[in-house]
Every structure is written in structure tokens, then in C-alpha cells.
Amino acid sequence: MPKPAAVPLFILAVTIAIALPARPQKAPPLPPETRENERHSFAVNVLRAINNSELDYKKQHGTYANWGALIENGYFTESGTKFISEDFFTVAHALYGRGPEIVPGWKLRLNTSNNGLSYDALLEDVNDPKCGFAGLTDERGLVRLGKSGACPL
């Protein structure tokens with residue numbers, strides 16, 4: 001049988017342990033392959049949003065648009081875009097701007113040609129100077145990913 005003084009000390013210790021908030025735990029850093037997958041997913045989905053907005057713009061105006069026209073017409077704003085599913089939150093709610101980086105860390109070259117009947121887009125990861133990761137698309141709607149020839153795919 002425990003001594004009478006030991007029981008209150010035990011209860012006090014348990015009470016303190018329950019009352020003290022747990023220290024916040026830092027999430028472990030993502031492994032490199034996960035960060036790379038996130039970058040790839042972001043690029044693919046930004047380019048899909050561009051393809052979707054270009055289709056809508058062409059339906060409204062008869063030609064494809066450059067980035068400035070997409071911004072001016074509200075396709076991409078400082079609060080995001082409606083041309084991608086909410087499932088891709090970081091793309092749907094990114095802070096889009098005129099450039100040179102359309103969102104922090106990403107440069108876009110969006111060119112129209114053939115009197116606005118075609119376009120091509122190159123989205124470059126500026127945080128990858130070694131391999132030059134980029135995504136590409138055009139009016140056909142295919143999204144391609146690539147790196148410099150010196151880096152493995």
C-alpha cells in the first residue's frame with residue numbers, strides 16, 4: 001500500500017502532465033523526391049490552368065491570349081484562378097502577377113503566333129538553376145516536363 005503522501009504527489013504529477021500543452025512538433029523536412037514531385041505537380045497544374053483559360057479566352061475573343069491579356073481579363077489574379085480544380089489548392093489560390101515571375105519561383109514565357117491561332121508556354125522553375133526544370137504546353141493541351149540534358153529525368 002502506498003504511503004499517503006505519495007498518492008497526492010502522483011496525482012499532482014499527472015495533473016501537471018495533462019495541463020501542460022505539448023510542445024509543437026516540427027514536421028520533418030520532405031525528402032528530395034517528394035519536393036520534386038510537388039514542383040512537378042505545381043508546374044503541370046499551372047499549365048493545365050493556362051490551357052483551360054486559353055480555351056475560354058479563344059471562345060470569347062476568337063484568338064489565344066498572351067499572359068498580359070489573361071491577367072487583364074481576370075483569368076489569373078492575385079487571389080488565384082478559377083481555371084483549375086480546388087483540389088489543386090496551391091494553384092487555384094496562388095498569387096499570380098504580371099512577372100517576370102508569375103508566382104514566386106516560377107517564370108512564364110507565353111507566346112502567341114499565327115495571328116493568335118496558336119500559343120506555346122514555357123514555365124521554368126527559377127529555383128533549379130542546375131537542371132533547369134520546366135514544363136511546356138501549347139494549344140493542343142499536352143503538358144510536357146523536362147530538364148537539361150545533363151540531369152537525370
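How about the range 107-138: which of its residues are in contact with a helix residue (DSSP H, G or I) (Cβ under 7 Å, 6 or more places away or on another chain) and not hydroxyl-bearing (Ser, Thr, Tyr)? Even if it seems obvious, please write down each step before you answer.
Start the filter on the range 107-138 by keeping residues that are in contact with a helix residue (DSSP H, G or I) (Cβ under 7 Å, 6 or more places away or on another chain), which leaves 108, 110, 119, 121, 123, 125, 133, 135, 137.
Across the range 107-138, the qualifying residues are Leu108, Leu110, Ala121, Leu123, Asp125, Phe133, Gly135.
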Filter result for the condition that a residue is among the charged types (D, E, K, R) and part of a helix (DSSP H, G or I), over Lys82, Lys58 = Lys58
Return only the number of the condition from (1) at pLDDT below 55; (2) open to solvent by less than 70 Å² (accessible area, probe 1.4 Å); (3) aromatic (Phe, Trp, Tyr) that Phe10 does not satisfy.
-> (2)
Quick one: is Thr34 hydroxyl-bearing (Ser, Thr, Tyr), more than 21 Å from Leu142 (Cβ to Cβ) and modelled with pLDDT under 95?
-> yes
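Would you pick out the residues in the range 49-107 that are among the aliphatic types (A, V, I, L, M) and crowded, with 21+ Cβ neighbours inside 10 Å? Before the answer, list the steps.
As a first pass, look at the range 49-107 and keep what is among the aliphatic types (A, V, I, L, M): 49-50, 55, 65, 69-71, 84, 91-92, 94-95, 102-103.
Of everything in the range 49-107, those that are among the aliphatic types (A, V, I, L, M) and crowded, with 21+ Cβ neighbours inside 10 Å turn out to be Ala49, Ile50, Ala65, Leu70, Ile84, Val91, Ala94, Ile102.
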Near pairs, Cβ below 7 angstrom, 6+ apart or cross-chain, from the range 107-132 (farther than 30 Å from Arg35 by Cβ) to any residue that is in a loop (DSSP other than H, G, I, E, B) and open to solvent by 50 Å² or more (accessible area, probe 1.4 Å) = Thr112/Asn66; Ser118/Glu139
Taking first residues from the range 39-54 that are in contact (Cβ under 8 Å) with a residue 24 or more places away in the chain and second residues anywhere that are of a type in the set (Gly, Ala, Ser) and surrounded by fewer than 19 Cβ atoms within 10 Å (Cβ to Cβ), the pairs with Cβ under 6 Å that are 6 or more apart or on different chains are Asn51/Gly141
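The values are calculated or read from the model by the stated rules, or taken from the named source; none is laboratory data. None of the values given here were measured: they were computed from a predicted structure. We place every Cβ from the backbone using ideal geometry, glycine too, and count neighbours over all the protein chains shown. What goes into the accessible areas is simple: the full protein's heavy atoms, side chains included, and nothing from ligands, DNA or RNA. Shrake-Rupley method; radii C 1.70, N 1.55, O 1.52, S 1.80 Å.
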